[in-house]
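Peer 1: Below are the structure tokens for one structure; questions will follow.
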Amino acid sequence: MSADIDVVIVGAGAAGIAAARRLAPTMLSVLLIEATARVGGRASTCNIANMPLDLGCEWLHSADRNHWTRLAEASGYAIDQRDPAWVSQYRDLGFTQTEQSAASQAFAAWSARLMSAPPPSDCAADALDPDGEWNAFIEAMSGFISGAAPNRLSAKDFVAYDEASTDNNWRAPAGYGALIASSLPRPIDLRLSTPVESIELDRKGVKLETPAGAIRARTALLTVSTAALAGGAIKLPSCLEAWRRAAALLPLGRNEKAFLEIVGDSPFEPETHALGNPCDPRTGSYFIRPFGRPVIECFLGGEGAGIIEDAGPAAGFEYAADQLVALFGSSVRRRLHPLIATCWGRTTFIGGAYSYALPGHAAERAVLARPFEQRIFFAGEATHPHDFSTAHGAYHSGFRAAEEVLAALAPGQL
Ligand SMILES: Cc1cc2nc3c(=O)[nH]c(=O)nc-3n(C[C@H](O)[C@H](O)[C@H](O)COP(=O)(O)OP(=O)(O)OC[C@H]3O[C@@H](n4cnc5c(N)ncnc54)[C@H](O)[C@@H]3O)c2cc1C
């Protein structure tokens, strides 16, 4: 069988869609294959109780230089540019003004030390003040930002993201996931529910085994998560061991969401926020009535996300309701109805939230991003040098890898 396809893009998340957008208008033949029955991957807007809820990415981070912002504008998606409420504590409940300012100063001092006096170990926990009163708060923040505690994080990697971020965080009321899924270029040869099980190199290019049969192509562009790549779900040839190892050193953090519907009258004001307990590293971050909708979004990070991943969604709802009752009083319990919870950490073909680098391994992002012999190309959020962990980083990585494919196969089309 000859390799009649020029490029197979594996994975139709933000990176795969971006690669497809770059390659579809060229003369190359392109096939996009996706293991699941939908496009978007970790970008997923779920319409439930008449609300478009983002189960994965939600905030257009660095929105002023985020390519999805430009695509939203071009395709008529509204963008909400209001500052996020997450820096404020609803009526200072359980977290006084003095405490809020001490906690944010402690976090800022830790971030500054990571930048100006990075620990020789490259372990972000080694920049903590050993007697710091707000270390649990910093751990909670690190869980939200990276999905892991500081003792798991490379200081260099953390700083690379921080320095590049523009701190503009906007939203798409119709859903970030919906925006990304609707950006799939058309026409495109797309095969859903087609997991790649193994990749082999042959004389002419690559051979990908799927349950629906083998696909031969001149090149493959892999966009699957680092958990999927390192976890062995795709059997890789031994020559890609350095890429598999890099993926393992860039694990996915743990982040989950639990949405609680607000029923009837309640004290909750729209577009507000509260931390459940700023002294608990597992604490939920509660975004109250986004866009005025009758819902509270509980965001859990690091160990907190383990509540859902290890004990199931009911445990997550109970934890969130208990924290909200502790803040707002027992009368709110009957107003809160579990709506939907994620379990990204146990979702087949994803396996977590977003990548972080283990101490000493920030450089693995560049290792993972390298093409192999002009035949196998790599994209996905984890391959971006500083916008990793985001949907816009995924976009740029897909675009970059598509350009590499073009340079290899059709140099005139760059
Ligand atoms: C809870 C949560 C909150 C987040 N919040 C934000 C946020 O506010 N802002 C932000 O910018 N980012 C956020 N992110 C991160 C963002 O969603 C991701 O960085 C981005 O969507 C990753 O895109 P990707 O294309 O690299 O990977 P993915 O979305 O993982 O896409 C890879 C695709 O490959 C498919 N695949 C896997 N294995 C195979 C196989 N064997 N064969 C074929 N296909 C396969 C998968 O099904 C998937 O569709 C969040 C993520 C989570 C989980």
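The values are calculated or read from the model by the stated rules, or taken from the named source; none is laboratory data. Keep in mind that what you see is a predicted model, and the values were worked out from it rather than measured. As a convention, Cβ positions derive from the backbone with ideal geometry for all residues, glycine included, and neighbour counts pool all protein chains shown.
Peer 1: Of the conditions (1) assigned to a helix (DSSP H, G or I); (2) in contact (Cβ under 8 Å) with a residue 40 or more places away in the chain; (3) touching a Phe, Trp or Tyr at 6+ places or on another chain (Cβ under 8 Å), F107 clears all except one; give me its number.
Peer 2: Failing condition for F107: (2).
Peer 1: Then there's this: Condition first: without any contact (Cβ under 8 Å) to a residue 60 or more places away in the chain and more than 10 Å from the ligand (Cβ to nearest atom). Can you find one or more residues in the range 377-394 that meet it?
Peer 2: Among the residues of the range 377-394, not one is without any contact (Cβ under 8 Å) to a residue 60 or more places away in the chain and more than 10 Å from the ligand (Cβ to nearest atom), which makes the answer no.
Peer 1: Could you check the range 52-67 and list, in sequence order, the residues that are closer than 12 Å to N169 by Cα and in a helix (DSSP H, G or I)?
Peer 2: A63, D64, R65
Peer 1: Which residue out of I215, I188 is closer than 23 Å to R38 by Cβ, surrounded by 19 or more Cβ atoms within 10 Å (Cβ to Cβ) and more than 9 Å from the ligand (Cβ to nearest atom)?
Peer 2: I215
Peer 1: List every residue pair whose Cβ atoms lie under 6 Å apart, where the two residues are 6 or more positions apart in sequence or sit on different chains, the first residue falls within the range 81-95 and is of a type in the set (G, A, S), and the second residue, located anywhere, is buried (at least 16 other Cβ atoms within 10 Å of the Cβ).
Peer 2: A85/E271; A85/T272; A85/H273; S88/H273; G94/L327
Peer 1: Answer yes or no: is there a residue in the range 234-243 that is more than 16 Å from the ligand (Cβ to nearest atom), of a type in the set (A, V, I, L, M, F, W, C) and assigned to a helix (DSSP H, G or I).
Peer 2: yes
Residue-wise test of (1) free of Cβ contacts under 8 Å to residues at least 60 places away in the same chain; (2) touching a Phe, Trp or Tyr at 6+ places or on another chain (Cβ under 8 Å); (3) not hydrophobic (A, V, I, L, M, F, W, C).
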{"position": "G312", "(1), (2), (3)": "yes, no, yes"}
{"position": "A315", "(1), (2), (3)": "yes, no, no"}
{"position": "A321", "(1), (2), (3)": "no, no, no"}
{"position": "S330", "(1), (2), (3)": "yes, no, yes"}
{"position": "R333", "(1), (2), (3)": "yes, no, yes"}
{"position": "C343", "(1), (2), (3)": "no, no, no"}
{"position": "T347", "(1), (2), (3)": "yes, no, yes"}
{"position": "A353", "(1), (2), (3)": "no, yes, no"}
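Peer 1: Continuing with the same structure: I'm trying to understand the selection: among the residues of the range 219-244, which are in contact (Cβ under 8 Å) with a residue 12 or more places away in the chain and among the charged types (D, E, K, R)?
Peer 2: Once the filter is applied, which keeps residues that are in contact (Cβ under 8 Å) with a residue 12 or more places away in the chain and among the charged types (D, E, K, R), the range 219-244 yields K235, R244.
Peer 1: Quick one: how many residues across the range 174-216 are polar (S, T, N, Q) and more than 16 Å from G56 (Cβ to Cβ)?
Peer 2: Counting residues in the range 174-216 that are polar (S, T, N, Q) and more than 16 Å from G56 (Cβ to Cβ) gives 4.
Peer 1: So, one more: Would you check if A258 is assigned to a strand (DSSP E or B), in contact with a helix residue (DSSP H, G or I) (Cβ under 7 Å, 6 or more places away or on another chain), over 30 Å from R365 (Cβ atoms) and at pLDDT 95 or above?
Peer 2: Judged against the criteria, A258 is a match.
Peer 1: Still on this structure, I have one more. Out of (1) closer than 19 Å to E58 by Cβ; (2) surrounded by fewer than 20 Cβ atoms within 10 Å (Cβ to Cβ); (3) among the charged types (D, E, K, R), what's the single condition that is false for R171?
Peer 2: (2)
Peer 1: Next question. Select from the range 226-276 the residues that are within 23 Å of R346 (Cβ to Cβ), in contact with a strand residue (DSSP E or B) (Cβ under 6 Å, 6 or more places away or on another chain) and buried (at least 22 other Cβ atoms within 10 Å of the Cβ) and list them in ascending order.
Peer 2: Selection gives T226, A227, L250, L252, N255, E256, K257, A258, F259, L260.
Peer 1: While we're on this one: Specify the residue that is farthest from T194 (Cα to Cα); the eligible residues are those in the range 9-39 that are assigned to a strand (DSSP E or B) and near the ligand (Cβ under 10 Å from one of its atoms).
Peer 2: By that ranking, first place goes to G13.
Peer 1: Determine if the range 41-64 includes at least one residue that is in contact with a Leu (Cβ under 6 Å, 6 or more places away or on another chain) and farther than 30 Å from V263 by Cβ.
Peer 2: No, the range 41-64 contains no residue that is in contact with a Leu (Cβ under 6 Å, 6 or more places away or on another chain) and farther than 30 Å from V263 by Cβ.
Peer 1: Got a sec? Which of L179, L221 is in contact with a Ser or Thr (Cβ under 8 Å, 6 or more places away or on another chain) and not β-branched (V, I, T)?
Peer 2: L179
Peer 1: Any idea which residue in the range 138-164 is nearest to the ligand (Cβ to nearest atom), counting only those that are under 15 Å from the mean Cα position of the chain (by Cα) and part of a loop (DSSP other than H, G, I, E, B)?
Peer 2: G147
Peer 1: Looking only at the range 40-89, which residues are over 29 Å from E163 (Cα atoms), more than 13 Å from the ligand (Cβ to nearest atom) and either in contact with a strand residue (DSSP E or B) (Cβ under 9 Å, 6 or more places away or on another chain) or in the same structural domain as V224 (by TED's automatic domain parsing) (or both)?
Peer 2: Across the range 40-89, the qualifying residues are N47, I48, A49, M51, P52.
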